[in-house]
Amino acid sequence: MTTETTALDWSADNCSIGRTMSVIGEKWTLLVLREVFQGLRRFEDMRVRTGIPRQVLSERLTRLVDEGLLRKVPYREPGQRERSEYRLTEKGLDLYPTLVALLAWGDKYLAGPEGPSLELVHRDCGSPVHLDLQCAAGHTGLGVRAVGSRPGPGARRRAS
């Protein structure tokens, strides 16, 4: 049986990639997450840096809070009304490797001739950071040709 035939036996209706994309799969959402990972927490700072229209930014932040990726933390500048900062939750922090993977792909294929605009480095030693796929047995440097797939516990057979 070929991989294609096996894959066709299974439904993709509950695919984790599809579900993830329904939460983060919009350009502005990923840019908001980029800013929060870079340390920006306040609405106006995000709006200025990204150029996202106010209404769109408000909608994206609300969605990220509703989905549990961000939480609102109140703050008040002297003489101003109370506002909210946006902080990553554990669920949001777990998206970091996803953003690093998108950054690496963009750096490889889309950076200008002068190179990437951002480099990730290890805070302790200053060395560049990169993603590395590994299996539970400790084998590292796995690429697409070294990784297979099989139905997981949530897999459902496709209706005929």
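Taking the criterion of being open to solvent by 60 Å² or more (accessible area, probe 1.4 Å) and either in contact with a Phe, Trp or Tyr (Cβ under 6 Å, 6 or more places away or on another chain) or outside any loop (DSSP other than H, G, I, E, B) (or both), would at least one residue in segment 131-138 satisfy it? Yes, segment 131-138 contains a residue that is open to solvent by 60 Å² or more (accessible area, probe 1.4 Å) and either in contact with a Phe, Trp or Tyr (Cβ under 6 Å, 6 or more places away or on another chain) or outside any loop (DSSP other than H, G, I, E, B) (or both). A single member of Leu93, Leu61 is open to solvent by 60 Å² or more (accessible area, probe 1.4 Å), within 23 Å of Thr20 (Cβ to Cβ) and either among the polar types (S, T, N, Q) or modelled with pLDDT of 95 or more (or both), and it is Leu93. Regarding Val147, is this residue β-branched (Val, Ile, Thr) and under 30 Å from Asp9 (Cα atoms)? In short, yes. Taking segment 106-120 as the range and being free of Cβ contacts under 8 Å to residues at least 12 places away in the same chain, surrounded by 10 or more Cβ atoms within 10 Å (Cβ to Cβ) and either within 22 Å of Leu64 (Cβ to Cβ) or basic (Lys, Arg) (or both) as the test, only Gly106 passes. Against the definition (surrounded by 15 or more Cβ atoms within 10 Å (Cβ to Cβ), of a type in the set (A, V, I, L, M, F, W, C), at pLDDT 95 or above and on the phi < 0 side of the Ramachandran plot), how does Leu40 come out, yes or no? Yes; evaluated as a whole, the condition is true for this residue.
Where helices (runs of 4 or more DSSP H) sit wholly within segment 1-98, those with at least 2 residues that are farther than 27 Å from Leu133 by Cα and of a type in the set (A, V, I, L, M, F, W, C) occupy 43-50, 54-66.
The values are calculated or read from the model by the stated rules, or taken from the named source; none is laboratory data. Fair warning: this is a prediction, and the values are worked out from it, not measured in the lab. Don't worry about glycine lacking a Cβ; one is built from the backbone with ideal geometry, like all the others, and counts go over all protein chains shown. Only protein heavy atoms, including side chains, enter the accessible area calculation; ligands, DNA and RNA are left aside. Shrake-Rupley method; radii C 1.70, N 1.55, O 1.52, S 1.80 Å.
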